[in-house]
Amino acid sequence: MANANPLAAVAGKFGDLKQRLWFLLLALIVYRIGTYIPIPGIDPAQLAKLFSDNQNGLAGLFNMFSGGAVQRASVFVLGISPYITASILMQLAAEMLPSLKELKKDGEAGRRKVTQYTRYATLVLALFWAFFMARSQMALRLPNVSPAEFVLTTMVSLVAGSMFLMWLGEQITERGLGNGISVLITAGIVSGLPGAISHVLTLAASDSRWILGSILLLVFALLVVAAVVFVERGQRKLIVNYQRRQVGNKVMQAQSSHMPLKVNMSGVMPAIFGSTLLLIPTTITGFAGNSENPVMLALKDISSMMQVGSPLHMVLFAAAIIFFSYFYTALTFNPKDMADNLKKSGAVLPGVRPGEQTGRYIEAVVLRLTLTGALYMVAVCLIPDFLSSALNTQILFGGTSILIVVVVSMDFMAQVQAQMMSQQYESLLKKANFKGAN
């Protein structure tokens, strides 16, 4: 009777994984449909002109992260940028405010409370950005739409779109696969890939010199992808010796193992955080329009020097990546807790005393790994900008885009494999229990 319905057994073997994959697919379809829903009252001709004039600044970054929503004046124009900024602010506040720091230590209840505060901050930032964006884009409204009506409908549309994406990202994290926010950003970037390939092929067809350039760009992209995969899989393995000990009536023999530490523990978040924060001056000056306020004029001069590809932008971007690499690693990895856990389990590192010295040793190793990972991320993100400046042409997919897509894809595949292994393990346990019962 156990083999009476083998098809049903095969279908149910990876049932949870299939459900997660279907949910992820449907969520991405909803996301892509939303990028084609326009804000009411926008003049398409004026929008196209504005985007062509500002695609190398904030508009270009938002358009890349939102999958073309900016170029189409979609309700998803703000994307998940307010949520990313709110997350940065909450993480910084949690390190500076004792009340939030204690709240993070309260386990699941504290985590839910911090998440709730992050949502409130996202709403406030979305309202702020939506208001100034609506006021600054008054020239884009259709002639038959009043200013008050345009501002109100634009604010409601943008805030609703941003909050919906925040909710959708959380649902993907909980019911799908991977980090929902990173998955949405990756989907937006990948959606522009066909257009980028078409643009390169058009250039190659119109100018024979671009044929060699296209081949070189392809080779460069493959080398960057290979480098990202190599570094992201790189680990520093610390040897751990477990001493002979007795637990109850059972004697545990001495054995050796290793503790893997990733070269890049922070993932792609430093690049995303850095990209978002560096464009805040451009955001403010874009919202201000043609204001003659001295402060706004000074901000305009600063933002003009901080355009993507400029030397100042490269230096600040590199500094932001290095800072957030250390900051994010400090949030997610605690050497002291790791040393305490090793001491409690009777494990020691060769040549290092248990306890405080082990914690300091692990911290020193993590700091060196973080510096290596940060420098690798800087190289991946900035080399395309150097090439773009040297060749005097725009590289449609920069290093940040490639880094995000490759790292999120690797994380997605790792979670799929983990789900498959979990399902196989559960099926083996069920078979063992069934045989034992018989």
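When L203, L184, L193 are screened for being in contact with a Leu (Cβ under 8 Å, 6 or more places away or on another chain) and either without any contact (Cβ under 8 Å) to a residue 40 or more places away in the chain or within 30 Å of A27 (Cβ to Cβ) (or both), only L184 passes.
Among the listed residues V151, V145, which satisfies the condition of being assigned to a loop (DSSP other than H, G, I, E, B) and in contact (Cβ under 8 Å) with a residue 12 or more places away in the chain? Answer to the check: V145.
All conditions but one from (1) surrounded by 13 or more Cβ atoms within 10 Å (Cβ to Cβ); (2) polar (S, T, N, Q); (3) within 25 Å of V268 (Cα to Cα); (4) at pLDDT 80 or above apply to Q116; the one that does not is (1).
Conditions tested, residue by residue: (1) surrounded by fewer than 23 Cβ atoms within 10 Å (Cβ to Cβ); (2) among the basic types (K, R); (3) in contact with a helix residue (DSSP H, G or I) (Cβ under 8 Å, 6 or more places away or on another chain); (4) within 14 Å of Y31 (Cα to Cα).
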{"residue": "A121", "(1), (2), (3), (4)": "yes, no, yes, no"}
{"residue": "R141", "(1), (2), (3), (4)": "yes, yes, yes, no"}
{"residue": "N144", "(1), (2), (3), (4)": "yes, no, no, no"}
{"residue": "M155", "(1), (2), (3), (4)": "yes, no, yes, no"}
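Condition test on T186, is it in a helix (DSSP H, G or I) and in the same structural domain as P82 (by TED's automatic domain parsing)? Yes; evaluated as a whole, the condition is true for this residue.
The values are calculated or read from the model by the stated rules, or taken from the named source; none is laboratory data. As the structure is a prediction and not an experimental result, all values here were calculated from the model. When we count neighbours, we look across all protein chains shown, and the Cβ atoms used for this are built from the backbone with ideal geometry, even at glycine.
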